[in-house]
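Below: the structure, in structure tokens.
The values are calculated or read from the model by the stated rules, or taken from the named source; none is laboratory data. Everything numeric in this text was worked out from a predicted model, so none of it was measured. Cβ placement follows ideal geometry from the backbone for every residue including glycine, while neighbour counts extend to all protein chains displayed.
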Amino acid sequence: MQVAAAETWRDILAPQALDLFLLALFLAFALVSFFRKSVRLKYVALAFAVGYLGFVKSSLVSISDVFRLTDLSLPPFKYSLAWYLFTGFVVVSTVLWGRLYCGRICAYGALTQLMDAVIPAKLRVDIPPSIERRAAWIKYGLLGGVILYYLVTHDLASPVQYAEPFWMFTRFGTTSMWIGLAVLLTATIFVRNLYCRFLCPVGAALGIISNLTVFRIKRWSECNSCKICEKTCEWGAIRGPKIVKTECVRCDDCERLYMDQQKCPHWLIQIKRARPSVARPATAGPSIAASSAPHS
Amino acid sequence: MKNLAAVAFLLGTVGVAVVLAQRIITNPKPEAHLKALFPTAAAFSPLSGEPLHFTAFATDPKSTPSAPPVGYAFWTTDIVPNEHGYHGPIHVLIGLDLKGVITGAIVDYDSEPYGYFSVEPPKFAAQFKGKTIKDAFVVGRDVDAVSRASISINSATRAIRDSSRIIAQKFLPEAAK
């Protein structure tokens, strides 16, 4: 069958060009902030994620994107280039580095991290590690539950509206949806990254993929006994010497500590061995750093 | 043995999912929709022909076999089956009169996650009533844009445009094409 007026590639690409450009720019910037391990660049990336990917585009990986795997149903490629770039980046980056998406690109995760940066720390409730460990499994239960619900009912709208808060960026919600969101955000004031750590089915799906992570965070042999990173990790992703890759969102906090030659015991011991007469050196020389190789 | 059971479970789950995904969801009883698209029509043919369509008649062809058609109604999913929204095809029933003017469009079913504020509100479909097949159908120009659900809005608009033009090409008099 012939359509009366055939589209040219220009017709197809022109309306998508700006979205593609801004998305590619942001993803590149997010990667730069990740590789530079810069706190400042990370917060710029988080603000851009909330503003552009969140409130302007409402582009977040949703539970509906997990459902589409059961339907083998994808949006049309030529009309959805930005979606393919975005989703492709999320999958590939998760395989390469882990849940980078959750920690830097997801607009909701970015919003809660920005909240965490401005809310006074004294309001925070620290969840005991034993409860935290168990609560992290809730999201996997929710993932299984909503997939089963969708397979049986084919109702896609309810999980999107009630099992995840990402719709908030569209500003289209019913009274009950807004009330649920208000409760969730209020609880997030006291329990940092509550939804991302314990409830997010998309995070659970990416957590499963992150078992394949190629480039993992290095650990020193000193990590077996040191607890600095474990105490610092706001995602509860470090348990003793081990990084739980399904929970780690590559926030860089522990990696910045590894590089801090005034805090990380690995460097302090190296420096002490190299210069035994100096009790507490200010910095270590590059020759010491080059001589120490971390292990995975 | 454990691995074999896991593989069997996985294959079973995928099989059930694929079977469930193949459900036919086109509304089998669209009579009320047809009446809304052609309020003055006395009768409609069954869904038939190539491409599939309903023909609307001013008088019942059972009593007047030579009754001329007043227009055609059709599902976008029958005419452009490959058109796909964010999550799946958006089922729109369209009425087209003999001059190539859309008498109405009704979104009957969709599985779009943000369909509830993009293609489902009646005002989305209402804006196509009175458009001709020669109009531009450009989202943001002659069709209202919803930036946070652009894939859904664009897909439904393309489906309405392309299916209307295909039906017009096939059934309408030369002057209306």
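Some observations on this one:
- Residue check for A:K78: more than 9 Å from chain B (Cβ to nearest Cβ), within 24 Å of B:P81 (Cα to Cα) and surrounded by fewer than 14 Cβ atoms within 10 Å (Cβ to Cβ): yes
- Taking the listed residues B:G130, B:G104, B:G140, B:G95, the one that is at pLDDT 95 or above and more than 16 Å from the chain's Cα centre (by Cα) is B:G130, with no other qualifying.
- Within region A:100-143, the residues that satisfy the criterion of being outside any helix (DSSP H, G or I) and touching a residue at least 60 places away in the same chain (Cβ under 8 Å) are A:C106, A:I119, A:R124, A:V125, A:I127, A:A136.
- Checking each residue in region A:65-75 for being surrounded by 16 or more Cβ atoms within 10 Å (Cβ to Cβ) and either among the basic types (K, R) or under 22 Å from the mean Cα position of the chain (by Cα) (or both) picks out A:D65, A:V66, A:F67, A:R68.
- Test for B:P51: is it in contact with a helix residue (DSSP H, G or I) (Cβ under 9 Å, 6 or more places away or on another chain), part of a loop (DSSP other than H, G, I, E, B) and modelled with pLDDT of 85 or more: yes
- Test for A:D65: is it in a helix (DSSP H, G or I), more than 27 Å from A:I147 (Cα to Cα) and charged (D, E, K, R): no
- Restricting the first member to region A:34-45 and to residues that are within 15 Å of A:L257 (Cα to Cα), and the second to residues that are in a loop (DSSP other than H, G, I, E, B), the beta-carbon pairs closer than 8 Å and six or more apart or on different chains are A:F34/A:R250; A:F34/A:D252; A:K37/A:D252; A:V39/A:D252.
- Condition check for A:V146: farther than 20 Å from A:T188 by Cα, part of a helix (DSSP H, G or I) and more than 12 Å from chain B (Cβ to nearest Cβ): yes
- Qualifying residues in region A:165-184 (those that are of a type in the set (S, T, Y) and touching a helix residue (DSSP H, G or I) at 6+ places or on another chain (Cβ under 9 Å)) - the one nearest to B:V146 (Cα to Cα): A:T170
- Any hit, region B:132-139, residues being surrounded by 18 or more Cβ atoms within 10 Å (Cβ to Cβ) and part of a loop (DSSP other than H, G, I, E, B): yes
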